[in-house]
Amino acid sequence: MSLLVNSNTIGAGAEEARGHSGGGALREIYDVNAQVVSVAVVPGEVYRAKLVAPEIARSARPLQFVNVEVSQGPHPFLRRPFSLSWFSAAEGLIEITWAVVGEGSKIMTQWETGTEVRVLGPLGNGFSLKDIKGEALQNADRPRLWLVGGGTGLLPMYPLAKEAASQGWEVALFYGARSMAQVMDTSRFVKAGCRVIVATEDGTYGSRGRVTDLLEPVIPELGHEDVIVACGPVPMLRSVKNLMALSAAPLYVSLESRMACGTGLCKGCAVRAAGDEEKYYHVCSDGPVFRADQVELGGAP
Amino acid sequence: MGHTDLSLDFAGIKMKNPIAAASGVFGYGEEYSRIGDIRAFGAVSVKGTTLKPRAGNPPPRVAETPAGMLNSIGLENPGAKVAAEEKIPWLRQFGVPIIVNISADTYEEFSELGTIFKDVEGVSALEVNVSCPNVRAGGMAFGLDPRSCYRAAKAVKDAFGGTVIVKLSPNAADITAVARAAVEGGADALSLINTLLGMAIDIRSRKPLLGNITGGLSGPAIKPVALRCVYQVAQAVTVPIMGMGGIRSWEDVVEFMLAGASAVAVGASLLVDPLLPERLTRELAGYCAREGIGNPGELVGAAWR
């Protein structure tokens, strides 16, 4: 099973849906037969494909994901969750970007123009600036969005960066990768008006260190006009959460998880809720985006 | 070729087609209603419900395996009270027969659950889960031993009064003995199979992959086992059987019917293909029409009759 590459929210969509009693008439999630219109290997050792999925593109929010069929046979059995690295309602297209990490992602490298695959989406709460407008940002002259991306955690943040920049937010991206070979193209972030700062663990690209080393120096200046959204491996998210512990700025994390359905049916992608009570959220339906203080990310407090 | 009628009376449950949602892949329907039409199912079995709410097992809870998956969800559910007062009344609006899957640690709890759901409008049947491999106490223990299964079935039947289905475990040494005990205890129907106990190990961390260490195996990988169980049990009892285990095509449905199942349920495959019931119903009808079968009930048990 693959890892969900990220997304989420604050649940507005899902809650509304639950309150809806139309009895099956309302279909917020679409299972579409999507045709691949382009697929390529792009910098960072990842594959990128655009697919025709108008229903999904039309209703998608930043940091949502899709569950993609990789085989019509009985194996590999499960679909693979991927965040939307780009989507366009106008063009009716969605884009997913993936690194080859296992059986499913490897099969997907055989896609070519014209390949048809079933895609279920849009999934998860996603995250939109509308979700956070209530948090003292209302009165900010120029609210600032700080994106913290580790590895492929960079991918789902582009739609959010674009949305924020287009609404007059000041947007900065801190992006960390292992080495130059894994550094993905960030030019679309730059083009959207986003400041991009990169670090690699071995110093072969950008500054040497981790993404948290980039974030740390700016934390003292973060306040009520700032929002931080982080996506990446759990140890990275844990570090960001710890660094931000005393900051007034809200931190949101987008989680990955082993997943089966992606829709809340199976309750498989559990993440422990913060606090003493034994309680779990589900990454696919309550997330993938959570307020950092909602979830237990493990390790020392 | 005449008109094909897919409807059936399954131990008193009026199903308009023989395709049900298996417990554990459908929740109480809310999530599904965002994806597909609940009315596509002939019946739905809701998430395994316990007397008190359960948070479920620690993650990871799922792992993919060859042609299938392991799960150790651990019966995460809001408890009988919320199910009875909120979940079932909501689900009732779709007019699809509701089977409430119940799980307990003791016979007394089973009895109490029977009493609670006895008065809930819209509950077509209780499905007694004596086969969940993911909870420590109770769960599968009731389904491995004929005597315990008899007592669990009887406790629910006596309290509930209505249609009782007992869901059997393939992990029993002799599933036919357990099946007969369930019927003796008052089961009006049987459903089989629940998942097979299994595990996976992460070779990098060198530890079990699931948070609960072991889990239940489901998906196409278990279909031959499920089919064998249905084939054997169908010949050992006279009550109707709901067959399940790896069903993902109309051919699978037909196979289960030939083995002796009157109805079938889709489980893990619904997680992969949420619109599966609509397709199965359509394709089953197509098959029956091609073969001149008036009602798929004609197929039931044909493999051994």
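Some values worked out for this structure:
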quantity	calculated
Calculated P(r) tail over 23 Å for region A:129-294, as whole % of Cα pairs	40 percent
All-pairs alpha carbon distance profile, region B:88-189, 10 Å steps from 0, percent	18, 49, 27, 6, 0
Stokes-Einstein D for region B:1-58, Kirkwood Rh over Cα pairs, 37 °C, 0.692 mPa s (µm²/s)	245 µm²/s
Approximate spin-label separation A:Arg291-A:Val42, in nm, with each point projected 7 Å along Cα-to-Cβ	3.3 nm
Note, ³J(HN,Hα) from phi for region B:198-212, Karplus 6.51, -1.76, 1.60, rounded to Hz, x at Gly and Pro	x, 7, 9, 10, 7, 6, 7, 7, 6, 10, x, 6, 7, x, 8
Rg and Dmax [Cα atoms of region B:169-305; Å; Rg one decimal, Dmax integer]	16.6, 56
Relative contact order computed over chain B (Cα-Cα under 8 Å; 6+ residues apart), in percent	20 percent
Under 5 Å, built H, 5+ apart or other chain: amide partners of B:Leu196	B:Leu217
Kirkwood-based shape ratio for the protein assembly as shown, expressed as Rg/Rh from alpha carbons	1.00
Normalised per residue, the volume of the convex hull around the Cα set of region A:160-238 (Å³)	96 Å³
Only Lys, Arg (+1) and Asp, Glu (-1) charged, at Cβ; the protein assembly as shown dipole about Cα centre in debye	540 debye
Convex hull volume of region B:228-272 per residue (C-alpha atoms, cubic angstrom)	57 Å³
Residues A:Arg80, A:Arg195 arranged by fewest to most Cβ contacts within 10 Å	A:Arg195, A:Arg80
Amide H partners (placed H, <5 Å) of B:Tyr28, local residues excluded	B:Lys47
Size of charge dipole - region B:1-127 - debye, nearest 20, with Cβ of Lys, Arg +1 and Asp, Glu -1, no other charges	240 debye
Chain B, Rg to Rh (Cα coordinates; Rh as Kirkwood inverse mean 1/r)	0.95
Principal axis dimensions, largest first and in whole angstrom, of region B:202-276 by Cα	48, 31, 16
Cα-based Rg / Dmax (Å) for chain A	18.3, 56
Nonlocal Lys pairs with alpha-carbon distance under 18 Å, region A:129-294 (8 or more apart, or different chains)	4
Ranking of A:Ser207, B:Ser33 by count of other Cβ atoms within 10 Å, fewest first	A:Ser207, B:Ser33
Cα-centred dipole magnitude for region A:129-294, charges only on beta-carbon of K, R (+1) and D, E (-1), debye, nearest 20	420 debye
In order through region A:64-71: 3J(HN,Hα) via Karplus (6.51 cos²θ - 1.76 cosθ + 1.60), integer Hz, x for Gly, Pro	8, 9, 10, 10, 10, 6, 10, 8
Per-residue ³J(HN,Hα) for region A:274-288, Karplus 6.51 cos²θ - 1.76 cosθ + 1.60, θ = phi - 60°, Hz, x for Gly and Pro	5, x, 7, 5, 6, 8, 10, 9, 10, 4, 6, 10, 8, x, x
Ranked B:Thr195, A:Thr113, B:Thr106, B:Thr49, criterion: other C-beta atoms within 10 Å, fewest first	A:Thr113, B:Thr106, B:Thr195, B:Thr49
Percentage of interatomic Cα-Cα distances in region B:154-201 larger than 18 Å	35 percent
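Values quoted throughout were computed directly from the atomic coordinates according to the rules given, and no laboratory measurement underlies them. The model shown is predicted, which means the values in this text are computed figures rather than measured ones. Cβ coordinates were reconstructed from backbone atoms using ideal geometry, including for glycine residues, and neighbour counts include every protein chain displayed.
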